[in-house]
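What follows is a short report on a single structure.
Where a number appears in this text, it was derived from the coordinates with a stated rule and is not lab data. The shown structure was predicted, so the numbers you read here are calculated from the model rather than taken from an experiment. Cβ placement follows ideal geometry from the backbone for every residue including glycine, while neighbour counts extend to all protein chains displayed.
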Amino acid sequence: MRCPHCNADNPPDSTSCVWCGRTLSPPSFEGTVTLLFTDIEGWTQIAERLGDQSAHRILQDHDRILRERVARHGGQAVKHMGDSLMAAFPSTTKALHCAIDMQKAFVDYNRQHPELSIKVRVGLNSGESIQQEGDYFGKAVSVAARITYKARGGQILVSEVVRQLAGSVPEVAFRDAGRRVLKGITGRQRLYEVMW
């Protein structure tokens, strides 16, 4: 299967391009979706300190860990943007469990590779979005991305909408993280930290 984004050849059963990571077929999630973004805290400094070869190896491990978790929890990796990932889920609960699973996986990774330690921040938001050619667009997406950049490495922050949709999820606790200004978004948004 040829990727419409980078023109790379992929195995016939691929859902994501092995080269660029973009979705090969449109996501099947309609209506309200939960969007999850990740970002490696301080990636530019880490890459400069370690050099291209080690940095590339970390990104490969990072991408593998994220994609495995997204697939395990029923989500779809929408796209990779350098050291970041955007994923979509048909269920808020699945997205929350995925975020926690991701953070636990990076704790394990950092224990095994202390010289290559990375901290990933995660942000989630839910809402209606525009779906086109395997990607999502709209305010819900922008809010999720902006929430990610308010998190610290190792932290999961979610919108008030995610907190409300989640209700009482077993093994997931929330702590009010206050009202925050998100770049380009009108008004202050109430955020919650997922205590994992």
Inset, instruction - Taking the Cβ of each residue in Met102, Met81 as the centre, tally the other Cβ atoms inside 10 Å and list the residues starting with the fewest. - result: Met81, Met102
Legend entry - Overall form of the stretch 29-84 per C-alpha gyration tensor (a/c, 1.5; a/b vs b/c): prolate
Legend entry - Neighbour-count ranking [beta-carbon atoms within 10 angstrom, fewest first] of Cys3, Cys20, Cys98: Cys20, Cys3, Cys98
Legend entry - 3J(HN,Hα) from dihedral phi, the stretch 106-116, Karplus parametrisation 6.51/-1.76/1.60, rounded to Hz, x for glycine, proline: 6, 4, 4, 4, 5, 5, 7, 10, x, 6, 10
Legend entry - Long-range amide H partners of Arg180 with built H, under 5 Å: Gln189, Arg190, Leu191
Legend entry - Kirkwood Rh, Cα atoms: Rg over Rh of the chain: 0.96
Legend entry - Amide H within-cut-off set for Val78, under 5 Å, with H built and near neighbours excluded: Met86, Ala87, Ala88
Inset, instruction - For the chain, give the share of DSSP beta bridges that are antiparallel, in percent and rounded to the nearest 5; count only bridges with both residues there. - result: 90
Legend entry - Free-standing Cys residues across the chain, given no other cysteine C-beta under 4.7 angstrom: Cys98
Inset, instruction - With springs only between Cα atoms under 10 Å apart, run a GNM on the chain and tell me which of Thr15, Thr32, Thr44 wobbles the most. - result: Thr44
Legend entry - Dipole of the chain [Lys/Arg +1, Asp/Glu -1 at C-beta], most positive-end residue of Gly184, Ala99, Pro170: Gly184
